[in-house]
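Chemist: Okay, handing you the structure first.
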Amino acid sequence: MRVRSLTRDRRPVMATPGQRAFCAAAADRILELGAGGDAVQATARSLKEEIEAGEAWTWRTPVTALALTIAAMALGIAWAVNGGLDGDIGAVAAASVLSSVALVVVTLRHRTRRWQLEADRVAALVCRNGL
């Protein structure tokens with residue numbers, strides 16, 4: 001059974017959470033058992049490193065995220081300063097809350113796991129789906 005998907009250039013990729021979970025479990029089990037000799041152990045370690053590297057967070061569109069972050073911060077600060085100068089505590093509180101919510105939305109919308117970004121990039125190149 002072939003778990004990973006295969007691209008047109010014959011490169012195996014993990015394009016779904018199920019593929020990643022299966023490969024992680026298989027690599028862990030092989031390493032735990034110490035089975036298969038040095039070559040199999042090295043391949044299992046390599047697969048485990050690939051899975052761990054894919055879990056890192058990255059920005060999907062870093063320039064857009066930076067621009068939106070700067071805009072949210074600038075509007076929040078301007079609104080808070082204006083409210084402070086007017087003596088309006090409600091405006092300062094609203095500016096703090098709404099600009100913070102805007103930053104959370106930007107982060108949630110524009111950050112993704114590295115493996116998901118790679119899976120999206122190679123989706124059109126997959127010629128055989130795995131698991």
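Chemist: Within the range 98-108, is there a residue that is open to solvent by less than 40 Å² (accessible area, probe 1.4 Å), touching a helix residue (DSSP H, G or I) at 6+ places or on another chain (Cβ under 8 Å), farther than 30 Å from L125 by Cα and of a type in the set (A, V, I, L, M)?
Modeler: Yes: one or more hits.
Chemist: Moving to a separate point now. Give the residues of the range 48-72 that are hydrophobic (A, V, I, L, M, F, W, C) and either in contact with an Asp or Glu (Cβ under 6 Å, 6 or more places away or on another chain) or open to solvent by less than 90 Å² (accessible area, probe 1.4 Å) (or both), sorted by residue number.
Modeler: I51, A53, A56, A65, A67, L68, A71, A72
Chemist: When only residues in the range 81-131 that are polar (S, T, N, Q) and part of a helix (DSSP H, G or I) count, which is nearest to V63 (Cα to Cα)?
Modeler: Here the answer is T107.
Chemist: Sticking with this one: In a helix (DSSP H, G or I) and not β-branched (V, I, T) - does that describe any residue in the range 7-15? Step through it out loud before you land on a result.
Modeler: From the range 7-15, those in a helix (DSSP H, G or I) are none; that's our starting set.
Looking through the range 7-15, none of the residues is in a helix (DSSP H, G or I) and not β-branched (V, I, T).
Chemist: Among the residues of the range 93-131, write down those that are without any contact (Cβ under 8 Å) to a residue 40 or more places away in the chain and among the small types (G, A, S).
Modeler: A93, A94, A95, S96, S99, S100, A102, A124
Chemist: Would you be able to tell me the number of residues in the range 22-47 that are open to solvent by 50 Å² or more (accessible area, probe 1.4 Å), in contact with a helix residue (DSSP H, G or I) (Cβ under 9 Å, 6 or more places away or on another chain) and part of a helix (DSSP H, G or I)?
Modeler: So the count comes out to 8.
The values are calculated or read from the model by the stated rules, or taken from the named source; none is laboratory data. Nothing here was measured: the structure is a model prediction, and the numbers come from that model. A quick note on method: Cβ atoms are made from the backbone with ideal geometry, for glycine too, and the neighbour counts reach across all protein chains shown. Note: areas computed on protein heavy atoms with side chains; ligands, DNA, RNA excluded. Shrake-Rupley method; radii C 1.70, N 1.55, O 1.52, S 1.80 Å.
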